[in-house]
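Undergrad: One structure follows; several queries about it will come next.
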Amino acid sequence: MRSFWKRHSQPYLFLAPAVAVMLFIVLYPFLYNVYIAFSNMSLYHLRDLEFVGLKHFRTILSEPAIWAVFGKTILWTVVNVVSHLVLGVGLAVLLNQQIKGRAIFRALLILPWAMPQYITALTWRGMFNYEYGSINLGLKAIGLSPIPWLASEIGAFAAPVIANIWLGFPFMMIIALGGLQSIPKELYEAADLDGAGWWFRLRKITLPLLKPVLLPAAILGTIWTFNNLNVIWLITNQGEPADKTHILVTYVYKAAFHYYRYGYAAAFSLVIFVILLSFVLAFLRAGKERTR
Amino acid sequence: MLKIANFSIGYCLALLLVIFMSCGGGGGGEEGGVTKVVLWEMMDPEEREILDELLAEWNAAHATIQVSRTNFGREQIRAQFLTAGLGGGGADLLFGAADDVGPFSIAGVIHPLDEILGAEYLSRFSEIGFDRFDGHVWMLPTQVGNHLCLLYNTDLIAEPPESLEELVAMAVEQTIDENGDGTPERYGLVFESREPFWLVPFLVGFGGWVMDDEFNPTLDTPAMAKALAFVASLRSEYGILPRECDYQLSDTMFKEKKAAFTINGHWSWGGYDDSDVPFQVTSIPLNQETGLWPGPMISSRGYYINSSVEGERLIKVIEVLDYLNSEEVQIRFADRLGVIPGLKSAFDHPSIKSNERLRASWEQYQKGRRMPVVPEMRAIWDAMRPGFQNVLNGESTPQEAARAMQIDAVKKIAEMKG
């Protein structure tokens, strides 16, 4: 043991600060969250906590409204992540070409990512106003009817989706651009010699070689989008109209900080954690199997 | 190797120390003989301007007690203070609204002021400003009112309306679509029509209220249905209220002189003055159908003291509180922003008595109803909001919405109580 420690102590010592910090800022809050998930913690029971077992989990799973919120969360995540990937990779492929003004385009396309989410969300909210928002004014200018974006259930859900697509594609674009630049040019030259077309090269060279960088980015993107509170909360003004535009995290946030249902919200957070963990494990396993 | 180990351990300890120190959650401290008092507030920009002047004057005159402030949004300040306060942190002083009295006092994050300041101290303030909860006073009522009034652009409206019917007729006249594109260039009446706070005056005008004396919701009533139908008709029948008219839009339209009337509180007046809108304040006019005055919710805004502030520090914090509630300070706020002062001597000051806007605001105040400060009010607001929006969007009838509000409020209150 002593000789093992002598030989291997250096990496452990280097890791120690990070591990200590992680234990304190991740593990402790996580365990505390698990603790209150099984308690009756609320505004009325802040200091006299009682163990309530699986009560909150039963409530969560038996509320019909939650399944609708869950469905919307899946839709929100899928539409956003797929759009981020398609737009991001597409634009990265274009920007990887030798085109005039490439640096300017690159800077412009990164702008949405550089803007604070809070400001972007509120700006988009203004743009979606029925009478004076620039989107409806544009629609009217080309002879189309204005859309009640923020007043109807579908419109109010579509509005943050559009804003979040705009906000999120630059991240995928930057990741894909980095990946593209690491693909050896010789592969494309060889494909050219074999008479391969643009589509063939994309399918057989670009996308397979981008996969190692896109896979973690897609997983991260999914987790971020699934847990993205700001955009949907601010654009829909806390789930308007009539609480119809919640995703799971906004629903939990409201339960915790509007209604002070801390135990319930903690249990709900655990459910979200399990959903995301299952997704990541399944995604990684599928990725590994395909690689084999 | 030993150096690396020492560095790692030192680094680790330093990092943990930083984390522990930041867990204080925003409260002040002592530094080189100087007491740092932290104030969290939810003031509007115009109010903050005055507060900054006041704090600069205080800090210049008091080398040993330095005050700093942090601004939060209306919703954030409650959540942040509650969370920080439960952990023994948070600001020393908090400027907030009276509806936080319930959650803060139940959570035990604020001091009962009657116990630490005493009855004589509190008697300097108007009795109408106090919201007692659980037999105690928890917030010092610096400002009284915090209520909605009817505001009209005096370039467009010579005399204010005397009834709701007259208000509607005048607003119809003032709604102008010059180019006929279906979007009026000027609207007769604009107000935040997504938040139930703006529905309440009409609810009262039709004889309704939000809860009974035992804090049970009373939303499924004919009065609620009539109030909802009335507000919906402003848009659907008379076309005098824009679609999706939120606070931002109504505020901007009134500032840009694109609206004849608006319904807003004193917090907006400074902005309208800065935008050179000639306006006057009046009461929301009588509902002739019922013979009742529309009554906005009235409440106070003022200062809370964090329950973790004790001993010598508490004495210093009370010194700051004294200054922020002095007659001179209250008159400054009232003169410049139209705030009704909570301090009796400031309220009776000649400059306040002669202020026409304040007089009109005071008249409206007297027609209002006091906002309950119990935590259940949060559930009632959130239950009213969807129904209100559904009626305005044409997705529910007023009767359906009133019924849904009641069911939802009862459910939410039961959930809150666990």
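The values are calculated or read from the model by the stated rules, or taken from the named source; none is laboratory data. These numbers were taken from a predicted model, which means no experiment stands behind them. So basically every Cβ, Gly included, is an ideal-geometry build from the backbone, and we count neighbours across all protein chains shown.
Undergrad: Criterion first (surrounded by fewer than 22 Cβ atoms within 10 Å (Cβ to Cβ) and either aliphatic (A, V, I, L, M) or more than 14 Å from every other protein chain (Cβ to nearest Cβ) (or both)) does B:Ser307 satisfy it?
TA: Numbers: surrounded by fewer than 22 Cβ atoms within 10 Å (Cβ to Cβ): yes; either aliphatic (A, V, I, L, M) or more than 14 Å from every other protein chain (Cβ to nearest Cβ) (or both): no.
Taking the combined requirement at face value, the residue does not satisfy it.
Undergrad: Hey, can you tell me all the residues within region B:254-280 that are within 14 Å of another protein chain (Cβ to nearest Cβ), surrounded by fewer than 20 Cβ atoms within 10 Å (Cβ to Cβ) and touching a strand residue (DSSP E or B) at 6+ places or on another chain (Cβ under 7 Å)?
TA: B:Lys258
Undergrad: Here's something else I'd like to know. What about A:Glu63, is it within 13 Å of chain B (Cβ to nearest Cβ) and more than 27 Å from the chain's Cα centre (by Cα)? Please lay out each step first, then the result.
TA: On the way: within 13 Å of chain B (Cβ to nearest Cβ): yes; more than 27 Å from the chain's Cα centre (by Cα): no.
When the stated conditions are applied, A:Glu63 does not pass them.
Undergrad: For region A:33-41, check the following and say yes or no: at least one residue is away from chain B (no Cβ under 14 Å) and farther than 30 Å from B:Gln248 by Cβ. Working first, answer last.
TA: Step one: filter region A:33-41 for residues away from chain B (no Cβ under 14 Å), giving A:34-35.
Still in the running and farther than 30 Å from B:Gln248 by Cβ: A:34-35.
Yes, there is a match, as at least one residue in region A:33-41 is away from chain B (no Cβ under 14 Å) and farther than 30 Å from B:Gln248 by Cβ.
Undergrad: Which of the residues belonging to region B:294-345 are of a type in the set (Phe, Trp, Tyr) and either farther than 19 Å from B:Leu94 by Cβ or not in a strand (DSSP E or B) (or both)?
TA: Quick first cut of region B:294-345, residues of a type in the set (Phe, Trp, Tyr) only: B:303-304, B:323, B:333.
Within region B:294-345, B:Tyr323, B:Phe333 meet the criteria.
Undergrad: Would you pick out the residues in region A:95-117 that are surrounded by 11 or more Cβ atoms within 10 Å (Cβ to Cβ) and either touching a helix residue (DSSP H, G or I) at 6+ places or on another chain (Cβ under 7 Å) or not in a helix (DSSP H, G or I) (or both)?
TA: A:Leu95, A:Asn96, A:Arg102, A:Phe105, A:Arg106, A:Leu109, A:Ile110, A:Pro112, A:Trp113, A:Met115, A:Gln117 - these are the residues of region A:95-117 that are surrounded by 11 or more Cβ atoms within 10 Å (Cβ to Cβ) and either touching a helix residue (DSSP H, G or I) at 6+ places or on another chain (Cβ under 7 Å) or not in a helix (DSSP H, G or I) (or both).
Undergrad: From the set of residues in region B:364-411 that are within 12 Å of A:Ala242 (Cβ to Cβ) and in a loop (DSSP other than H, G, I, E, B), which is nearest to the other protein chains (Cβ to nearest Cβ)?
TA: Result: B:Asn393.
Undergrad: Count, please, the residues in region A:16-65 that happen to be surrounded by 11 or more Cβ atoms within 10 Å (Cβ to Cβ) and outside any helix (DSSP H, G or I).
TA: Of the residues in region A:16-65, 14 are surrounded by 11 or more Cβ atoms within 10 Å (Cβ to Cβ) and outside any helix (DSSP H, G or I).
Undergrad: Could I ask something else about it? Right, B:Phe95: of a type in the set (Phe, Trp, Tyr) and in contact with a Lys or Arg (Cβ under 9 Å, 6 or more places away or on another chain) or not? If you could, list the steps in order and put the result at the bottom.
TA: Details: of a type in the set (Phe, Trp, Tyr): yes; in contact with a Lys or Arg (Cβ under 9 Å, 6 or more places away or on another chain): yes.
In short, yes.
Undergrad: Okay, moving on. Looking at the structure I just gave you, is A:Ala92 over 22 Å from A:Leu214 (Cα atoms) and surrounded by 20 or more Cβ atoms within 10 Å (Cβ to Cβ)? Step through it out loud before you land on a result.
TA: Values: over 22 Å from A:Leu214 (Cα atoms): no; surrounded by 20 or more Cβ atoms within 10 Å (Cβ to Cβ): yes.
When the stated conditions are applied, A:Ala92 does not pass them.
Undergrad: In contact with a Phe, Trp or Tyr (Cβ under 7 Å, 6 or more places away or on another chain), part of a helix (DSSP H, G or I) and within 14 Å of chain A (Cβ to nearest Cβ), is that true of B:Glu415? Write out each step before concluding.
TA: On the way: in contact with a Phe, Trp or Tyr (Cβ under 7 Å, 6 or more places away or on another chain): yes; part of a helix (DSSP H, G or I): yes; within 14 Å of chain A (Cβ to nearest Cβ): yes.
Taking the combined requirement at face value, the residue satisfies it.
Undergrad: Something else: Where in region B:82-191 are the strands (runs of 3 or more DSSP E), entirely inside, with at least 1 residues that are within 14 Å of another protein chain (Cβ to nearest Cβ) and not basic (Lys, Arg)? Reasoning before the result, please.
TA: Working: elements: B:93-97, B:140-145, B:148-153, B:187-190.
In region B:82-191, the matching strands (runs of 3 or more DSSP E) lie at B:187-190.
Undergrad: Filter region B:38-62 for residues that are modelled with pLDDT under 95 and more than 15 Å from B:Gln143 (Cβ to Cβ); which is farthest from the chain's Cα centre (by Cα)?
TA: The extreme case among them is B:Glu49.
Undergrad: While we're here: Just checking, does region B:223-233 include any residue being surrounded by fewer than 17 Cβ atoms within 10 Å (Cβ to Cβ) and assigned by TED's automatic domain parsing to the domain that holds B:Leu286?
TA: Initial filter on region B:223-233 (surrounded by fewer than 17 Cβ atoms within 10 Å (Cβ to Cβ)): B:233.
Among the residues that remain, those that are also assigned by TED's automatic domain parsing to the domain that holds B:Leu286 are: B:233.
Looking for residues that are surrounded by fewer than 17 Cβ atoms within 10 Å (Cβ to Cβ) and assigned by TED's automatic domain parsing to the domain that holds B:Leu286, one finds at least one in region B:223-233, hence yes.
Undergrad: Checking the condition of a type in the set (Val, Ile, Thr) and in contact with a helix residue (DSSP H, G or I) (Cβ under 6 Å, 6 or more places away or on another chain), which residue from B:Val317, B:Val410, B:Val339 passes? Before the answer, list the steps.
TA: Values: B:Val317 fails: in contact with a helix residue (DSSP H, G or I) (Cβ under 6 Å, 6 or more places away or on another chain); B:Val410 fails: in contact with a helix residue (DSSP H, G or I) (Cβ under 6 Å, 6 or more places away or on another chain).
Residue meeting the stated conditions: B:Val339.
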